[in-house]
Structure formats: structure tokens, C-alpha cells
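Asks: Take this structure first; my questions come after.
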Amino acid sequence: MPYSDSDEHQAGNPVSADTVAAPAAVKILIAGGFGVGKTTMVGSVSEIPPLHTEEQLTVAGLGVDDLDGVENKTTTTVALDFGRITVSSRLVLYLFGTPGQERFWFMWNDLVHGALGAVVLVDTRRLESSFAAIDFFESRGVPFVVGVNCFDGVRDRTVPEVRDALDLDPNVPVLMGDLRERPASRDLLLALINHLMAGRAPLPTRR
Amino acid sequence: MSHWADAAADDEDAEESLVRAYTITQGRTASARDDLTLITVITTAAAPRDQHADRGLQPEHRLILRQCRTPVALAEVAARLNLPVAVTKILVDDLIVRGRVTARPPLAVTVGEEPDMILLQAVKDALLRL
């Protein structure tokens, strides 16, 4: 199925003329600890100013009280910032900044569903705040790249140092950049897409 | 019976409260369907011939209809209406049931399949244009 507008003439005409064909949407998650620059990154590449909403997510119970077979679930509310990049009239990419703290692990299950992959942002002064996100994406087989946000170009760690400290698989791309700048954020997304296209990313498991 | 919309417009606290959100949904806290996602694309359908077809719609329903004349993801509808996603899902569901909007589910890009190279290339081209 073509997604570029330039492919239009090849596509035949599966949609009746009086219907406006809605584009399909895909998403990429931008994860990382509080204050690491998720919304900054979304804002630097989005074609709209970052939007904010609240999603109510299901928290699965721990199973202790499940003897009667009734699922023990509660919900909680999580704030999301997101932006949009229109790929073509047929495809729109949404970028969701997601809370990276460990206490939100449950929500990632909902959020990774239908995601192309993820960008994990890290702050070299607080690397540990990104451990939970990395662990989660690794365990779920969600392809991801790591971005080291260098405000004002301050690079106090090298890429090998960060890779080492995070104990990353050698295939996981790590980039450094000032994510307030569009090219740095764009390159991080491109690294993810290239990572996916190279097929080195493990395929996520079916839910 | 007084309608919530009759409340004083300058009552900011009332605007922010959950009571108002769940008044809009007439007490419902969950959508009847669970297939609406943050990136389900909502599009307003052609206007019904029957002028009375939209009777009973809340102002928020009408705002959604106006907003989705250009297809837009559910998360964006929620953000622009300043309503929680859960409430927005209920309202969108109402409009789907009435045939006033259509919903396009997200592409199944990650569900145990080979990466879709055509899709990835299209995304890559778009990023290179930024």
C-alpha cells in the first residue's frame, strides 16, 4: 500500500468519490525521565505546537485477589504531550511524549500498542531515570533508539560511556544532540526509522 | 431541569471539575467500545439530509463534528476540546453510533509482522523534508 502522495496515480481508486479518505496514523513514543526534554523534542519536530491531553489507563491488578477469576483492574490518569508530522495525505505520524518513570510502567502496555518504535531520552546527570523505559522496551521487543539531550551543546559524556552505563545492546543507536534544534530531533527519529529498516530491531511480540 | 450549559460561564472551577466532564457523558465513565485509540483517525461524515438528525447532541458533540471535517486523531480531538481522552472516546462513540463520524483504526504496524518497508520509507522521506 503506497503512502506517498506521488504514488497516487498507481493506487487505483478503492475509495468512492464522495468519501474523504482519512489518513492512517502511526505513532512513535518519546520516553524518558521527568525534565529530560520529551516535550522539547516533540515541539521541535511537530508541525503543530505540542498538544496536551490526559489519558485514563488501565492498571492490571497484581493477581493476588484473582482467585475468583475476576480481573482486578483499576484506572489512573496520565498526562500526555504530543505532536504531529503529516507524511502524506494518506499517512500521519504522531509523536507521544510519555512519562518514563517506573511507576508508570503499566501505561506503556497501552501506549506501545501500534507504535512503530520509541525514542528514549536520557540526561547524563540522571541516567538512572531512563532505566525503567529501556528495560520495558527491551523486554517487550519494542525497537528503540537512545537520545542524549545536550542542552547548550554540553557533552559531558561520550556515546560509548552512555552505551556502557545503560548496558545497551550494541545494535541500539545512540545519538547526542540539542533537542531544542529540529535537526537533532529529526536525526533521532531518522535513526529509529533506519534501525527499523535495517531489520536489526527485534520484532515485538504479539499481545 | 436545568442544563449544565446554563451554569454561569465565569465559574472557572465548574469548568475544570470532573463533574462537568461526566455530566457531558451523562454519567458514563467508559465507552461501549474498546477499539478507539489515541491515534484512531476521526472524520465527520456527510451531513444528514434530515435536519433533525442531530437533535439531542451535546455542544461537545457538535464541536467534534466541526473539528473532524478534516480527519484528525482522537488524541487531538481531546486536546482541542480540553477533555480527558476517556470522555472524548464516549462522545466519539455516540457519533459513530449515529453514523455522524467514521473512525479509522491505526495501522497494525508492530503486531508480529515484518516491518512495512513502504511505510517506513514514506516516514523517512517526510522526516528528510523537515
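Asks: Across peptide A:26-36, how many C-beta atoms of other chains are within 10 Å of each residue C-beta, on average?
Replies: That average works out to 2.
Asks: Step through the residues of the range A:112-125 one at a time and calculate ³J(HN,Hα) from phi using the Karplus curve (6.51 cos²θ - 1.76 cosθ + 1.60, θ = phi - 60°), rounding each to whole Hz and writing x for Gly and Pro.
Replies: Running phi through 6.51 cos²θ - 1.76 cosθ + 1.60 with θ = phi - 60° gives 6, 4, x, 8, 5, x, 9, 10, 9, 8, 10, 10, 5, 7 Hz.
Asks: How much net charge surrounds B:ILE90 when only the other residues with a Cβ under 11 Å from the Cβ of B:ILE90 are counted, with Lys and Arg +1 and Asp and Glu -1?
Replies: 0
Asks: How many Cβ atoms of partner chains, on average, are near each residue of B:81-91 if near means within 10 Å of its Cβ?
Replies: So the per-residue partner count for this stretch is 3.
Asks: Grab the other residues whose beta carbon is less than 14 angstrom from that of B:ALA79, score K and R as +1, D and E as -1, and report the net.
Replies: Cβ neighbours under 14 Å give a net charge of -2.
Asks: Still on this model: By the scheme Lys and Arg +1, Asp and Glu -1, what is the net charge of all other residues having a beta-carbon under 14 Å from that of B:LEU130?
Replies: +1
Asks: Name the shape class, rounded, prolate or oblate, that the alpha-carbon gyration tensor gives for the range B:19-90, where a ≥ b ≥ c are the square roots of its eigenvalues, rounded holds for a/c under 1.5, and otherwise prolate holds if a/b is larger than b/c and oblate otherwise.
Replies: oblate
Asks: What is the order of A:PHE131, A:PHE137, A:PHE144, A:PHE34, fewest Cβ neighbours within 10 Å to most?
Replies: With the sparsest Cβ surroundings first, the list reads A:PHE34, A:PHE131, A:PHE137, A:PHE144.
Asks: On to the next question. Along the charge dipole of the range B:30-129, which of B:THR88, B:LEU107, B:THR70 sits closest to the positive end, that is, farthest toward it, with unit charges on the beta carbon of Lys, Arg, Asp and Glu (+1, +1, -1, -1)?
Replies: Checking the options against the dipole of the range B:30-129, the answer is B:THR70.
Coordinate-derived values only; no laboratory data. Everything numeric in this text was worked out from a predicted model, so none of it was measured. Here Cβ is always computed from backbone atoms with ideal geometry, including for glycine, and neighbour counts include all displayed protein chains.
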